[in-house]
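Notes to accompany the following structure.
The values are calculated or read from the model by the stated rules, or taken from the named source; none is laboratory data. Quantities reported herein were computed from a predicted structural model and do not represent experimental measurements. Cβ coordinates were reconstructed from backbone atoms using ideal geometry, including for glycine residues, and neighbour counts include every protein chain displayed.
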Amino acid sequence: MTSSQKHGIPALISFLIPGLGQIIKGQLFKGIFIWIIGGVVGFFFWWTFIIPFAVWAWNVYDAYNN
């Protein structure tokens with residue numbers, strides 16, 4: 001597997017569907033945790049846009065680096 005396959009594809013998938021990149025990398029519990037946290041944060045803090053964006057950006061960063 002090349003470096004872009006290990007990092008780029010899960011990051012791209014997490015860019016579109018948060019948590020799915022972690023699940024593809026084999027981190028099932030982290031992916032489910034991101035779905036739960038993303039849903040709760042999105043539900044309670046939708047009006048700020050900053051906090052949900054920060055959770056989403058962290059998700060993509062984590063899928064790329066971890």
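Worth pointing out:
- Residue list for the stretch 12-31, filter: surrounded by fewer than 18 Cβ atoms within 10 Å (Cβ to Cβ), among the hydrophobic types (A, V, I, L, M, F, W, C) and free of Cβ contacts under 8 Å to residues at least 12 places away in the same chain: L12, L16, I17, L28, F29
- Subset of the stretch 44-66 [more than 19 Å from L12 (Cβ to Cβ) and surrounded by 13 or more Cβ atoms within 10 Å (Cβ to Cβ)]: F45, I51, P52, A54
- Scanning the stretch 1-19 for residues that are closer than 16 Å to N65 by Cβ and modelled with pLDDT of 90 or more gives I9, P10, A11, L12, I13, S14, F15, P18, G19.
- V41 meets all of the listed conditions (1) exposed (fewer than 15 other Cβ atoms within 10 Å of the Cβ); (2) more than 12 Å from the chain's Cα centre (by Cα) but one, namely (1).
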